[in-house]
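S.K.: Below: one structure in structure tokens.
The values are calculated or read from the model by the stated rules, or taken from the named source; none is laboratory data. What you are looking at is a predicted structure, and each value in this text was computed from that prediction instead of being measured. Cβ atoms come from the backbone with ideal geometry, glycine included; neighbour counts cover every protein chain shown. Quick note on the areas: whole protein, heavy atoms, side chains included, nothing else; ligands and nucleic acids left out. Shrake-Rupley method; radii C 1.70, N 1.55, O 1.52, S 1.80 Å.
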Amino acid sequence: MPVFVVAAYDNDGNPNAMVAAWGGIYTDDTIGICMSRGHKTTIDILQTRAFTVSMATAQHVAACDYVGIVSGNKVADKLKRAGFSAVKSQHVNAPIIEELPITLECEFVSYDEESNFLVGNIINVSADEAVLTDGRIDIAKLQPITYDPVGHEYYTLGGKVGNAFGEGKHIKEK
């Protein structure tokens, strides 16, 4: 499961973030994430109607894990304590965590109370030059982490095993 760091401002403009591992790209320009209403970040998103989603990375695994295990309902400055700094997105009313190299900047679309499913429209994707090769995101430089829900462990993505939309062509042509 991908490890997302979801961030939003509260009504007073204070940044907050949490970790979510149950989600992904929903359509070409939307993202869907399961987030309980009890999370401060969820409440903040419902109030401000904007949020950002960053990929957690191997370089920042401890800080990302921290914002996932500490509640914003109890620790007001958890981003700062994690060593993260936030700047306001130029595209939506939500914070970008400067230390995380890829951020999806999103406008709120919907939230289903029964399933806890949040949907956002992706307005912009920002990427730090350090994780780009020839203008494209380089997964080896990014080193995103994934979550194993069975073993409760984080892993980096492994090496390339093939080319999408190409490896199965020989089977299709039979």
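S.K.: Scan (1) 22; (2) 40; (3) 44 for the value of percent of Cα pairs over 28 Å apart calculated from this model and give just the label.
M.R.: The calculated read-out lines up with (1).
S.K.: Convert each backbone phi in the stretch 48-55 into a coupling constant with the Karplus relation 6.51 cos²θ - 1.76 cosθ + 1.60 (shift: θ = phi - 60°), then list the ³J(HN,Hα) values in order as whole Hz, x for Gly and Pro.
M.R.: 8, 6, 7, 6, 10, 10, 10, 7
S.K.: Additional query: Please calculate how many Å² of accessible area the chain carries per residue, with a 1.4 Å probe and no DNA, RNA or ligand atoms counted.
M.R.: Ligands and nucleic acids excluded, the result is 57 Å² per residue.
S.K.: Would you mind telling me the share, in percent, of accessible area of the chain contributed by carbon and sulfur at probe 1.4 angstrom?
M.R.: Working: 5060 of 9920 Å².
Percent of accessible area from carbon and sulfur atoms in the chain: 51.
S.K.: Among Asn124, Ala63, Ser89, flag the residue with its Cα farthest along the positive direction of the charge dipole of the chain, charges on Cβ as +1 for Lys/Arg and -1 for Asp/Glu.
M.R.: It is Ala63.
S.K.: Where nothing but the Cβ of Lys and Arg (+1) and of Asp and Glu (-1) is charged, how large is the charge dipole of the stretch 1-142 around its Cα centre, in debye to the nearest 20? Intermediate values should be presented prior to the final figure.
M.R.: Numbers: 10 positive and 18 negative charges, 91 e Å.
Its charge dipole is roughly 440 debye.
S.K.: For the stretch 42-174, how many pairs of lysine residues have a Cα-Cα distance under 22 Å, where the two are 8 or more positions apart or belong to different chains? Working shown, then result.
M.R.: On the way: Lys78/Lys88; Lys80/Lys88; Lys141/Lys160; Lys160/Lys169; Lys160/Lys172.
The number of close lysine pairs in the stretch 42-174 is 5.
S.K.: Please name which of Ile31, Gly168, Gly13 has its Cα lying farthest along the dipole of the chain towards the positive end, using unit charges on Cβ (Lys, Arg +1; Asp, Glu -1) and the Cα centre as origin.
M.R.: After comparing all options, I get Gly168.
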